[in-house]
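Readers should treat all values here as calculations from the given coordinates under stated rules, not as data from a laboratory. Note that the structure is a prediction, hence the values are computed from the model and not measured. FYI the Cβ positions are ideal-geometry reconstructions off the backbone, even for glycines, and counts take in every protein chain you see.
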Amino acid sequence: MKNLFSRLNRSRGASIIEVVVGLFLLVPLFLCIIDLSAIVLGQITNDALAKRVARAAAQQQDAASAAAAANTIISAFQVNGIVSNPQLVNFSFNNANNGTVIVQTRLTITIPAPVPFVSVLQQSRDMDAKATEPIVMLPANP
């Protein structure tokens, strides 16, 4: 009988050790998945912002009103816990040659669950996005 109890205690101890070791592997893996998901969603948001800014600027008749429309979109952007600090990095209103607007935006993406041993997932990151749209409000040539 004593032999049976000692085997049960050893198997319970082994099970506890297996669970603890498994958690040490699974918890960081789960945190990495959360962080990578936040980075991907932040970059998708930045791409959409760049596209929205380029479309707003492309619907203007001159560079000054296009820059004002672009800055209005940037300032109206809603920040959250993951995505913050929207900026208009580059702006080009080229109505002379090919009639395009080129914009580059930057957002700061905050890592929600930093993983200590993965340097990429330890801090916030600035992500850039670029978008090009044809100008739709060009005046007709006489």
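Side notes on the structure shown:
- Rh (Kirkwood; distinct C-alpha pairs) - the range 62-119, Å: 13.6 Å
- Here the peptides 46-58, 20-32, 124-136 are ranked by packing, the mean other Cβ count within 10 Å, and the order with the highest first is 46-58, 124-136, 20-32.
- Gyration tensor verdict on the range 2-134 (Cα atoms; rounded if a/c is under 1.5, prolate if a/b is larger than b/c, oblate otherwise): prolate
- For the range 24-32, 3J(HN,Hα) computed residue by residue from phi via the Karplus equation (6.51, -1.76, 1.60; θ = phi - 60°) reads 5, 8, 7, 5, x, 5, 5, 5, 5 Hz, glycine and proline entered as x.
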